[in-house]
Every structure is written in structure tokens, then in C-alpha cells.
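The values are calculated or read from the model by the stated rules, or taken from the named source; none is laboratory data. Fair warning: this is a prediction, and the values are worked out from it, not measured in the lab. Because the Cβ atoms are built from the backbone with ideal geometry, glycine has one as well, and the counts that use them run over all protein chains shown.
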Amino acid sequence: MKVWILRHGQAEPSAASDPQRCLTEVGRQQVRQMAQRLVGQPLDIILASPYQRAQQTAELVREQLDMRRSITTVDWLTPDDDPLEALDRLAERSEANILLVSHQPLVGQMISLAVDGHRQAHYPMPTAGLACLEMALPAAGVAQLLSLSNPASEPGT
């Protein structure tokens, strides 16, 4: 199983509530840039947080990749969700190639838990950061980190 983990792009600093914060134009550009790294990948599904900025990020990726399948919104990918629960939910999925669109601190903790078996390792996941993990089954300490990129380190930035 390959799991790509994408943090949403840069968002507005405030809104009526945190879940309602939208992407900025810079955030949209970041997401389009990082979506290029997913071109040619055999993604089966995009799972996204219900927060507005994650939904917008997922939709931009879906459009860039010309995916016909709609985004699946899941309530276990919000900023303060438990990374162990997220791995357990992934284990219930039948897809082999999954893109998760979520938030910090969840994305960093999930990578740490999957790769290192604990939540304390530091994996830099700035806005629009993208990680790719490979694992036989989603569980603590079994994943291999194949790549970790962010818009600032991409060519042409």
C-alpha cells in the first residue's frame, strides 16, 4: 500500500471558525505545484478532512490529475485527531494507493507513528508538504518513507 500525505496549502489566518478557513492564492499555487509530483501516480482515492482548506486542496489536486472519482470526506483527518485511529481507519480501506489531505499536527504525527513507531519524530510538513509512505498494512513502525517534499524545495520556486 502506498499512502501519500498532503498537508493543505497556505490558508487565511482567520475566519468565522477554524474549519471555515480558506486557501489563499499562495496556498492554491503551492497545491498546484505539489500536485505535479502526483502526476502519473496510480491514485485510487483521495480522502480529505472536512475542513474547508483541506477540501479546497483536495479538489485542486483532483482537477490537476483529471481524476473522475470524487473526493471522499472523512471525519478522522482533522488537526487534532489521533494518528493511531487514522492508521486503523486506513487499514479498513481496500484501496492500494491513497492520498490523504489533512492538517498539522496530525500529518507529522501520523508519519512519525507509521515510520518510527511513535509520535515524537519530527517530519517537516509545511503547508502543501507531501510525503509518500509505503507499507504492507497501516500500522505503527512498519512504513518506509519514500519521499518528503515541500513547495519551497521544489524546482522553480
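When ARG119, ARG89 are checked against the criterion of being at pLDDT 95 or above, among the basic types (Lys, Arg) and farther than 18 Å from ARG32 by Cα, a single residue qualifies: ARG89. Within the stretch 94-114, the set of residues being part of a loop (DSSP other than H, G, I, E, B) and touching a residue at least 24 places away in the same chain (Cβ under 8 Å) comprises GLU95, ALA96, HIS103, GLN104, PRO105. In the stretch 75-93, what residues are part of a loop (DSSP other than H, G, I, E, B) and either of a type in the set (Lys, Arg) or within 16 Å of GLY117 (Cβ to Cβ) (or both)? Of everything in the stretch 75-93, those that are part of a loop (DSSP other than H, G, I, E, B) and either of a type in the set (Lys, Arg) or within 16 Å of GLY117 (Cβ to Cβ) (or both) turn out to be ASP82, ARG93. Taking each residue of the stretch 46-59 that is at pLDDT below 95 and looking for partners that are surrounded by 23 or more Cβ atoms within 10 Å (Cβ to Cβ) and outside any strand (DSSP E or B) with beta-carbon atoms closer than 8 Å, six or more apart or interchain, yields nothing. If the condition is being within 13 Å of the chain's Cα centre (by Cα) and not in a loop (DSSP other than H, G, I, E, B), then the stretch 38-59 contributes LEU38, ILE45, ILE46, LEU47, ALA48, ARG53, ALA54, GLN55, GLN56, THR57, ALA58, GLU59. Going by what's in this entry, would MET110 be described as modelled with pLDDT of 95 or more and either surrounded by fewer than 21 Cβ atoms within 10 Å (Cβ to Cβ) or not hydrophobic (A, V, I, L, M, F, W, C) (or both)? No; evaluated as a whole, the condition is false for this residue.
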